[in-house]
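Working notes, structure below.
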Amino acid sequence: MSVKSGALFVPLNIAVLTVSDTREYANDTSGQLLVSRLLEAGHTLSTRNLLKDDLYKIRAQVATWIADEGIQVVLITGGTGFTGRDSTPEAVACLFDKQIDGFGELFRALSILDIGTSTVQSRALAGLANGTLVCCLPGSTGACRTAWEGILAEQLDARHRPCNFVPHLKQAKACGPRG
């Protein structure tokens with residue numbers, strides 16, 4: 001990582017949502033990987049939830065989180081594939097003020113090294129919504145690891161140059177877990 005001279009680390013308040021019809025907290029390895037990585041990096045877990053793949057429940061949860069002044073980033077794992085129940089992109093894209101096209105493009109470029117051409121079936125995407133970064137990742141633990149290591153670790157770090165997402169995010173008014 002290239003670091004800005006004199007820049008300080010800024011801990012972000014991050015919410016994690018797992019979208020799955022089959023997982024529970026006990027076997028949610030993807031959500032747990034994201035929680036572990038964000039905490040190891042020095043960020044704060046604001047809240048965590050697990051929802052069935054239901055477009056309106058996903059949209060309602062994300063809308064609540066982006067309206068919360070204390071949440072700066074929402075990481076969603078699951079629901080980005082092509083099955084009939086996969087609806088995360090449709091649930092959240094309408095909330096974006098700006099879509100970050102390069103996020104999905106870069107994710108697929110990185111994941112081709114692990115899964116080959118199957119990466120074309122990933123509908124990973126990200127956008128800014130009400131000053132909140134919302135990232136939609138596939139449900140596999142490997143995909144979440146790829147996204148964290150290849151994109152998120154640097155883009156959620158204010159010291160990363162030449163640019164990162166931190167200056168574009170709303171300033172949190174409160175810190176600490178929300179439950």
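Overview of values
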quantity	calculated
Using θ = phi - 60° and Karplus 6.51 cos²θ - 1.76 cosθ + 1.60, couplings along the range 14-23 (whole Hz; Gly, Pro as x)	10, 9, 10, 10, 9, 10, 7, 8, 10, 8
Amide hydrogen neighbours beyond the local backbone of S122, cut-off 5 Å, H modeled	none
Bridge type composition, the range 58-175 - antiparallel percent by DSSP, nearest 5	60 percent
Sites A67 and Q121, calculated FRET efficiency, Cβ-Cβ separation with R0 35 Å, nearest 0.05	0.65
Cα→Cβ-extended label distance, 7 Å offset, between A41 and Q171, nm	2.2 nm
The chain: relative contact order in percent, alpha carbon pairs under 8 Å with at least 6 residues between	30 percent
Length-normalised contact order of the range 1-47 in % [C-alpha pairs under 8 Å, at least 6 apart]	52 percent
Ordering of 20-30, 153-163 by burial proxy (mean other Cβ atoms within 10 Å per residue, highest first)	153-163, 20-30
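Each reported figure results from applying straightforward, stated rules to the coordinates on display, with no laboratory input. Model, not experiment: these values are computed from the prediction. Cβ: placed from backbone, ideal geometry, glycine included. Neighbour counts: every protein chain shown.
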